[in-house]
Amino acid sequence: SVISLGDSLTLADVGARHAEWKQTLAAGGPIEVDASALKTVDTAGMQLLAALARDAVARQVPLRWRASTALTESAARLGLKEALRLA
């Protein structure tokens with residue numbers, strides 16, 4: 001499955017995205033997060049991505065990233081690169 005983040009992942013998006021991602025995780029199989037167009041991500045968005053990564057690891061679901069500069073920089077700034085497995 002591919003999860004496309006679009007160009008923004010902020011507090012306004014978190015509720016809908018969380019429900020969608022829970023279904024994707026429950027379906028099993030590898031997940032690719034396409035964050036290549038992401039330009040705006042806030043702390044709430046980063047927390048949601050960290051939860052997705054944590055849940056994928058717990059369920060042994062392979063998770064790959066197509067990361068944008070905004071995602072990589074935000075993860076580094078918040079100390080989440082390792083948690084997201086972006087290193």
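The values are calculated or read from the model by the stated rules, or taken from the named source; none is laboratory data. Everything quoted here is computed from the prediction, not taken from an experiment. For neighbour counting, all protein chains shown are included, and Cβ atoms are generated from backbone atoms with ideal geometry for every residue, glycine included. Side chains are part of the model used for accessible areas, which takes the heavy atoms of the whole protein and leaves out ligands, DNA and RNA. Shrake-Rupley method; radii C 1.70, N 1.55, O 1.52, S 1.80 Å.
Would you please state which residues of the range 1-26 a label at residue 47 would reach in this model, taking the label point 7 Å out along Cα→Cβ and a backbone N cut-off of under 20 Å?
8-23
Solvent-accessible area per residue for the chain at a 1.4 Å probe radius, Å²? Could you put the intermediate results ahead of the total?
On the way: 4940 Å² over 87 residues.
For the chain, the per-residue accessible area is 57 Å².
From the phi angles alone, apply the Karplus equation (6.51, -1.76, 1.60; θ = phi - 60°) to the range 12-22 and give each ³J(HN,Hα) in whole Hz, x where the residue is Gly or Pro.
Each residue of the range 12-22 in turn: 5, 9, 4, x, 5, 5, 4, 4, 4, 6, 4 Hz.
Give the long-range amide H neighbours of residue 33: residues separated by 5 or more places, or on another chain, with amide H under 5 Å away, using H modelled in the peptide plane at 1.01 Å from N.
Amide H neighbours of residue 33, under 5 Å, 5+ apart: 3, 64, 65, 66.
Over the chain, what is the relative contact order in whole percent, taking alpha-carbon pairs under 8 Å and six or more residues apart?
Averaging sequence separation for qualifying contacts and normalising by length gives 34 percent for the chain.
With both bridge residues required to lie in the chain, what share of the DSSP beta bridges run antiparallel, to the nearest 5%? Present the calculation step by step, with values, prior to reporting the outcome.
On the way: 0 of 10 bridges.
Approximately 0 percent, going by the DSSP bridge assignments.
Hey, rough spin-label estimate for residue 39 and residue 22, points 7 angstrom out along Cα→Cβ, what's it come to in nanometres?
In this crude spin-label approximation the distance works out to 3.2 nm.
Using a 1.4 Å probe over the heavy atoms of the protein chains, calculate the carbon and sulfur portion of the accessible area of the range 1-75 as a whole percent. Mind dumping the intermediate values first?
On the way: 1970 of 3930 Å².
Carbon plus sulfur share of accessible area: 50 percent.
Note down the nm distance, to one decimal, between modelled labels 7 Å out along Cα→Cβ at residue 54 and at residue 11.
Between residue 54 and residue 11, the label points sit 2.0 nm apart.
Using the Karplus curve 6.51 cos²θ - 1.76 cosθ + 1.60 with θ = phi - 60°, work out ³J(HN,Hα) for each residue of the range 39-45 in order, rounded to whole Hz, and write x for Gly and Pro.
Here the 3J(HN,Hα) series is 10, 10, 9, 9, 4, 4, x Hz.
Ordered by packing density, taken as the mean number of other Cβ atoms within 10 Å over each peptide's residues, highest first, how do 6-13, 32-39 rank? Could you put the intermediate results ahead of the total?
Details: 6-13: 15.0, 32-39: 18.2.
Descending mean neighbour count gives 32-39, 6-13.
Starting from the Cα coordinates of the chain, work out the convex hull volume and express it per residue in Å³.
In the chain, the Cα hull volume divided by residue count equals 75 Å³.
From the phi angles alone, apply the Karplus equation (6.51, -1.76, 1.60; θ = phi - 60°) to the range 64-71 and give each ³J(HN,Hα) in whole Hz, x where the residue is Gly or Pro.
Computed from phi, the couplings for the range 64-71 are 10, 10, 10, 8, 8, 4, 4, 5 Hz.
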